[in-house]
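Laboratory data are not the source of any read-out in this text; all were calculated from the coordinates shown. Here the structure is a predicted model, which means the values were calculated and not measured. For neighbour counting, all protein chains shown are included, and Cβ atoms are generated from backbone atoms with ideal geometry for every residue, glycine included.
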Amino acid sequence: MIKILLADDHALLRDGLRRSFEAAGDTVVGEASTGEEAVALAKALMPDVVVMDLSMPVMDGIEATRRIRDEMPQVRVAVLTMHDDIDRTRDAIAAGASAYLSKGTSFGEVRDTVLKVADGETVLSPALAGAMLTAVNETKANDALLSDRQVEILQAIADGMSTKQAGRYLGITTKTVHNHLNAIYRKLDAQSLTHAVLGAVRLGIIDLNHSDENENENAQ
């Protein structure tokens, strides 16, 4: 059972999410209708995960996410929003969000993502990766910038795997995956997993079309 704080200025949406989470056995410890209120309640209630909208009065979700992560790094944030703008997606991830979902996502997927985030995972969904692909300009790069293992880890995550799934897929522990990711962040001067993936794509080290190509090869 995890503790969840809902931050959204639409009361009906909050009510629907609260009922769904509680029916699934989770605890909704509070609800915020502004970004400022979300920060204050996160301090007071210390939830495991804040489910955060981006468009809220007083303080938007990006700034609220940044403040929560800066002041309470143990509190994780999963963004749930109508926005599919690439720049806002990047800003949210850069602010410290561990996941980014559309409000059109099923509750089952929302809860699954929230559970992964609460467990310390960072989730980059295939849909988000596909959207970011349209904003990325491919350039040539030196593959030796990252080790073969680091490239494998980033490629697995770009293909839609969580950090834990990538570890299982590659036969290594989740801790080893995170150790490699920390090295990757330093090498690519990245502040988050999404920035690292985008940087590696721009440098030509990994390919966001990789999973599709594998599926086509297996089908032949």
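Sorting 171-179, 30-38 by average packing, meaning the other beta carbons within 10 Å per residue, from highest down gives 30-38, 171-179.
In this calculation the C-beta distance from D15 to R149 is compared with R0 = 35 Å, giving a FRET efficiency of 0.15.
Residue by residue, the range 64-72 carries 3J(HN,Hα) couplings of 4, 4, 4, 5, 4, 5, 5, 8, 9 Hz when phi is fed to the Karplus relation 6.51 cos²θ - 1.76 cosθ + 1.60 (θ = phi - 60°); x denotes Gly or Pro. With a threshold of 24 Å on the Cα-Cα distance, the over-threshold entries among K3/K164; K43/K103; K103/K175 are K43/K103; K103/K175.
So what's the net charge close to T27: Lys and Arg +1, Asp and Glu -1, counting the other residues with Cβ under 12 Å from its Cβ? Net charge in that neighbourhood comes out at -1.
For L45, the shell of other residues with beta-carbons less than 13 Å away shows a net charge of -1, using +1 for Lys and Arg and -1 for Asp and Glu. Translational diffusion of the range 1-131 was estimated from the Stokes-Einstein equation, with Rh taken as the Kirkwood radius over Cα pairs; at 25 °C and 0.890 mPa s the coefficient is 174 µm²/s.
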